[in-house]
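In what follows, a single structure is set out as structure tokens and then discussed.
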Amino acid sequence: MTRGTLILPGALDTIVAQATAGARSALAVIRLSGPAAHRIGESLLSPWRATPRTVYLSMLRDPDSGRDIDRGIVTVYAAPASYTGEDMVELSLHGGEICPALAINALLACGARSALPGELTRRALLNGKLDLLQAEAIGDLIDARSRAMHDVALGQLAGHLSARLGTLREEIIEMEALLAYDVDFPEEDDGPIAANRIELATRNIIASIDALLATASTGEMIRGGAAVVIAGAPNAGKSSLFNALVGTQRAIVTDIPGTTRDALEAMIDIEQWPVRLVDTAGLRASEDVVERLGIEVAERYVKDATVVMVCGENVDSLSMAIASVRRLTDAPLIAVGTKSDAEEISSDAITALLSLHRASGNLAYIAVSAHTGDGLAPLAHAIATLIQRNREPLSGDDPVLTRERHRVALTSARSEVAAFLEIWTGSSGLPATVAAVHLHSARGSLEELVGILDVDDVLDRVFSSFCVGK
Amino acid sequence: MTSQPNELELDVIVVGAGHAGTEAAVAAARLGARVGLITSALETIGQLSCNPAIGGVAKGTVAREVDALGGVMSRATDLATLQFRMLNRGKGPAVWAPRAQCDRGMYRRAVRTLIEQQQMLHTIQGTVARLLIGESGGRVIGIETLEGRRFGARAVVITAGTFLRGRLHIGTDTRIAGGRAGDPPAIQLAEQLDTIGLISARFKTGTPPRIDGRSVDYSKLERQDSEIEQFDYSWSHFWDSPRTDGSTTRHPAQLPCWITFAGEETKRIVSENINKSAMYGGAIGSRGPRYCPSVEDKIVRFPNVERHQLFLEPEGHDTAELYVNGLSTSLPADVQLEMLHSVPGLGNVRMTRAGYAIEYDYFPPTQLDASLQVKALDGLYFAGQINGTTGYEEAAGQGVIAGINAALAVRGDAPAIFGRERSYIGVLVDDLVTRGVDEPYRLFTSRSEFRLTVRQDNALRRLAPLAIELGMLSEREQRIVERRFAMEAEASTLAESTSVRPEQVRVLLEEAGSAQLPHAMRVAEIAKRQNVSLASLFVATGVGEDIDRDALITAELELKYAGYFARERVQAEKMKRMGDFPLPSALPYDELRSLSTEARQKLGALRPRTLAQASRVPGVSPNDLQNLVLEIERRRLASADVVR
């Protein structure tokens, strides 16, 4: 990328966008932002009052015909005290198809331009209203599909993660300063700095980083959703189970493109967790080309799964399916006896099944009837328990790492601080001043994360990490 | 303006012949400028006004940088050293810091001799009354002295030290106008500088009392002997022959320093008399350096420290006078004597000179550009304490920069800007003009981002090529530089090519507490061990006898810390790229709403030339920088839109 792409063309335009979804609704909110926002507002609204942060009722009229478009609530903001940091006018009009469309057309006719996806937030970032982590959080908040993700995003937007990283950075700078003092004042009365003071401070920094890193697996899962995959032989009741689970939840079901026998994916909440529930094609060797493609897709999902539900109508089919899934993943498995209303599997058979397969990894058995709904609640609870396992529970306002980029930067900072500690406490004889280079690098990793940047990285840092679609 | 003709037409006039002035004059003359060096007393050229030592942490590196640029400070030090220590010896050669106590008289005479050996350099005694300013008012064209002598010049470097409206304080009642004990201040020049629109401010600094060494009870003191070994400040590389045999004849015989302390009794005396101190009694309001505090400062600010170390440093071979380093004070003379008598070993001491505080004008250096030229008046340069710095080495470093740039400007050439990644001098000048000062500025290693690669041992490698490019070094000096570089290369080659058998280094490794060799290894491999020196390995294997030890250190560090040096060099590259991102000089900072108010004000006032400079302005946050880049790009696009 060249520097020219740093700012989208038209960065000084006044832009307009409908902030609410364009479905049939009581209200529609339209935002107008940019240097001409007030002028455009004035030419279309009557009455018009430019006093910032006042709210009043006004009529929006078509600029050409002078016909009324809609009467609504107007809020005026003056730069820099607005969401984007620019002059803004916000209109609350009636919803539906026609009112918002006519209103936007009128604004466009007066010189505004349609905003690109995410352009308002991008302007907020450019105008220093948000830092990089907060801009990420806004996207996460809008995309939040679970209460857990909502909470995490809200905390990050409030600056909790930025503040924690800022503190860590200060602590590292403090250590660098201590080491520098030792070199700069060789004849001071205080004598050399106490070795254990540095060691203690270093260990504290590592502990802080570890505490943050421990949230990454939970945080990334909260953001991306836990992959819960339904596997099993064809006709083992997988689709019925999928539909039953989806039916009890608010779900977004999507066809997975590019496959012939599509895997189906749905985002649902299971207890507090966001879950990507995936229904796969049957897992069996097949001569059929179309079916084999479907199987390859299924295998790929199983390999990445957080939890796999293995379906089967009887002990033999379950046993075979468990064995083939186990070859692909070490993830915890739940053997689901489907059609429990039709065929009861004896408890002895279940015990035998579990003891046969338990050695190869975590396995539970739950009988479910997709038809009656029996067993669905225990199954959901079992899934939630397995997701929760080995993950740090999140608490209150503590910052959480939600992206790979967060984890990578902190892992690098940690290894640098640890390298310093090893030299400081070890016997290599490498002077502390030389070892301090590691602290400097650690600081660099943290700065990168918060958005402190080198010129060359401006583009990548600002925009590749900030999803333009939001 | 009088119509009296100029006595002499010069290219560059340097006002003041302290450490900044002498180096400025020499640097400009080496660039081929006709230079006049004007001082109110020729006898005080190169005077060590405060403590008689050159070097120390970061400062020692600067002294060697000045040397690499053809300066006189290091050569004079080599001729006058009477006590030498390598500070930080226990912390690895990467942070070694040479410091030499000098014979005050010998140092001063050495500087004057070296100055007079310089071609194109006139020394003139006189006190500058005013600058001559061209009729259009925009540039300086010469100076006039109090004695009525006029000299024409196309550039003037002012290195007034503490002389501008200088005022000495001893206690609250005694105030003497002066630039140094015994010398008058410069008043008229200060007043004229005010009239050209420059803002001045006041700093203070102080000196300790000096005592008669014949009245000291040495039996109560700890003796500290010189570690002169084989060290030349001037990698002498301006001397005819580098030393390889340990012989040392350049400097005088070595004298010891003596260590004692100010304890409870001294603290009591200071506390009881604190309101008589010029500084604490309210006579001086200006700020002094935190890191070179007066004894009053130490006791008021750190009441829990039981004792403060004092160094008794010899003033010279021609006198028994001692300098009481660590006891800088502005208390009345009688209290100073009482204080001295409370110090172990000084019970019956005679005070030869009382300590004093001095208050003086400086001009906040953000009024200068990166060549140390005053922004408000073409052809006028400032260097040294006038810019709010403290220390001989800091003054000398600025002197070189101002001298070089004054001469380059006279020639019509672009200024020479020294990067932070290349020298402490570069750090110093950049800090001054982009950050300014809020207390007398002293260099520390912690001010540099490059404290591993910018070292005292490699000053020549870092700066001599630049000096050669600028035409500052004679052919003979260039040959010496080349010889040094060849020695470093030879040391590296020998280290790589020489194989060591285990028995050759058995004793050496045993003494170093290092593991024995399992089989023959290359010298370069073993030299990576922290406690095994390249020099000792060369001795053990009988190679490289003719390589200077200083050159060996450079080669050795490249082996020992290769990975770390590489990291710093990557960092230096990054900084350079940031430095390459220009900030438009007409940027309307007031309008950049995305910047914090503080950043808008500071950047608007300083107008940094590059993003790298902006990043070092205090109060400018990383977010501000990011937004600054975005604002510039936005404006660039907006103006492109207009064109379209």
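The values are calculated or read from the model by the stated rules, or taken from the named source; none is laboratory data. Source: prediction; values computed, not measured. Heads up, the Cβs are rebuilt from the backbone with ideal geometry, glycines too, and the neighbour counts pull from every protein chain shown.
A few comments on the model shown:
- Verdict on B:Leu79 being out of contact with any Gly (no Cβ under 8 Å at 6 or more places or on another chain), surrounded by fewer than 24 Cβ atoms within 10 Å (Cβ to Cβ) and more than 14 Å from chain A (Cβ to nearest Cβ): yes
- Every residue from the range A:421-435 that is surrounded by fewer than 22 Cβ atoms within 10 Å (Cβ to Cβ), facing chain B (nearest Cβ under 9 Å) and assigned to a loop (DSSP other than H, G, I, E, B): A:Ser428, A:Gly429, A:Leu430
The rows are residues; the columns are (1) buried (at least 19 other Cβ atoms within 10 Å of the Cβ); (2) more than 14 Å from chain A (Cβ to nearest Cβ).
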residue	(1), (2)
B:Ile526	yes, no
B:Gln530	no, no
B:Thr541	no, yes
B:Asp546	no, yes
B:Tyr561	yes, no
B:Lys576	no, no
B:Ser585	no, yes
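- Of the residues in the range B:408-422, at least one is aliphatic (A, V, I, L, M) and without any contact (Cβ under 8 Å) to a residue 12 or more places away in the chain.
- Exactly one residue out of B:Arg479, B:Arg522, B:Arg451 is among the charged types (D, E, K, R), without any contact (Cβ under 8 Å) to a residue 12 or more places away in the chain and out of contact with any Leu (no Cβ under 8 Å at 6 or more places or on another chain): that is B:Arg479.
- Residue match in the range B:59-76 (condition: of a type in the set (Gly, Ala, Ser), within 14 Å of chain A (Cβ to nearest Cβ) and in contact with a strand residue (DSSP E or B) (Cβ under 7 Å, 6 or more places away or on another chain)): yes
- In the range A:73-89, residue surrounded by the fewest Cβ atoms within 10 Å (Cβ to Cβ) [restricted to those that are modelled with pLDDT of 95 or more and not aliphatic (A, V, I, L, M)]: A:Thr75
- Flag if A:Thr260 is at pLDDT below 85, loosely packed, with under 14 Cβ neighbours inside 10 Å and part of a loop (DSSP other than H, G, I, E, B): yes
- For the range B:113-133, the set of residues classified as part of a helix (DSSP H, G or I) and either in contact with a strand residue (DSSP E or B) (Cβ under 8 Å, 6 or more places away or on another chain) or within 14 Å of chain A (Cβ to nearest Cβ) (or both) consists of B:Ile115, B:Glu116, listed by residue number.
- Filtered residue count, the range B:345-382, keeping only those that are touching a His at 6+ places or on another chain (Cβ under 8 Å) and part of a helix (DSSP H, G or I): 0
- Within the range B:411-434, the set of residues being surrounded by 21 or more Cβ atoms within 10 Å (Cβ to Cβ) and farther than 25 Å from B:Asn458 by Cβ comprises B:Val433, B:Thr434.
- Every listed requirement among (1) at pLDDT 95 or above; (2) under 24 Å from A:Ala432 (Cα atoms) is met by B:Val429 save one, (2).
- Condition broken by A:Gly159, with the remaining ones in (1) on the phi > 0 side of the Ramachandran plot; (2) crowded, with 22+ Cβ neighbours inside 10 Å satisfied: (2)
- B:Glu598 satisfies every condition listed in (1) away from chain A (no Cβ under 11 Å); (2) over 26 Å from the mean Cα position of the chain (by Cα); (3) at pLDDT 85 or above except (3).
For every residue, the table says whether it meets (1) over 30 Å from A:Asp210 (Cβ atoms); (2) among the aliphatic types (A, V, I, L, M); (3) buried (at least 20 other Cβ atoms within 10 Å of the Cβ).
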| site | (1), (2), (3) |
| --- | --- |
| A:Val325 | yes, yes, yes |
| A:Ile334 | yes, yes, yes |
| A:Asp348 | yes, no, no |
| A:Ser355 | yes, no, no |
| A:Asn362 | no, no, no |
| A:Pro378 | yes, no, no |
| A:His381 | yes, no, no |
| A:Ile387 | no, yes, yes |
| A:Asp397 | no, no, no |
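- Test: residue in the range A:436-445 that is buried (at least 18 other Cβ atoms within 10 Å of the Cβ), free of Cβ contacts under 8 Å to residues at least 12 places away in the same chain and either farther than 30 Å from B:Tyr561 by Cα or in contact with a helix residue (DSSP H, G or I) (Cβ under 6 Å, 6 or more places away or on another chain) (or both): yes
- Of the residues making up the range B:501-524, just one is touching a Lys or Arg at 6+ places or on another chain (Cβ under 7 Å) and surrounded by 13 or more Cβ atoms within 10 Å (Cβ to Cβ), namely B:Ser514.
- No other residue among A:Ile69, A:Ile98 is surrounded by fewer than 14 Cβ atoms within 10 Å (Cβ to Cβ), away from every other protein chain (no Cβ under 14 Å) and aliphatic (A, V, I, L, M) apart from A:Ile98.
- Residue list for the range B:134-172, filter: farther than 18 Å from B:Ser200 by Cβ, of a type in the set (Val, Ile, Thr) and assigned to a strand (DSSP E or B): B:Ile141, B:Ile143, B:Thr145, B:Ile170
- Members of the range B:383-397 that are part of a helix (DSSP H, G or I) and either farther than 12 Å from B:Thr22 by Cβ or small (Gly, Ala, Ser) (or both): B:Gln385, B:Ile386, B:Asn387, B:Glu393, B:Glu394, B:Ala395, B:Ala396, B:Gly397
Residues are listed down the side, and each one gets a yes or a no for (1) more than 28 Å from the chain's Cα centre (by Cα); (2) farther than 23 Å from B:Ala376 by Cβ; (3) of a type outside the set (S, T, N, Q):
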{"position": "B:Arg139", "(1), (2), (3)": "yes, no, yes"}
{"position": "B:Val156", "(1), (2), (3)": "no, no, yes"}
{"position": "B:Ala160", "(1), (2), (3)": "no, no, yes"}
{"position": "B:Leu164", "(1), (2), (3)": "no, no, yes"}
{"position": "B:Arg175", "(1), (2), (3)": "yes, yes, yes"}
{"position": "B:Gly178", "(1), (2), (3)": "no, yes, yes"}
{"position": "B:Ile187", "(1), (2), (3)": "no, no, yes"}
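- Check on B:Val427, over 18 Å from B:Thr159 (Cα atoms) and either within 14 Å of chain A (Cβ to nearest Cβ) or hydroxyl-bearing (Ser, Thr, Tyr) (or both): yes
- Looking only at residues of the range B:301-332 that are more than 29 Å from B:Ala100 (Cα to Cα) and over 29 Å from the mean Cα position of the chain (by Cα), we find that the one that is modelled with the highest pLDDT is B:Pro332.
- Hey, B:Glu568 touching a Phe, Trp or Tyr at 6+ places or on another chain (Cβ under 8 Å), part of a helix (DSSP H, G or I), within 14 Å of chain A (Cβ to nearest Cβ) and within 17 Å of B:Glu496 (Cβ to Cβ) or not: no
- Test: residue in the range A:295-318 that is basic (Lys, Arg) and modelled with pLDDT of 85 or more: yes
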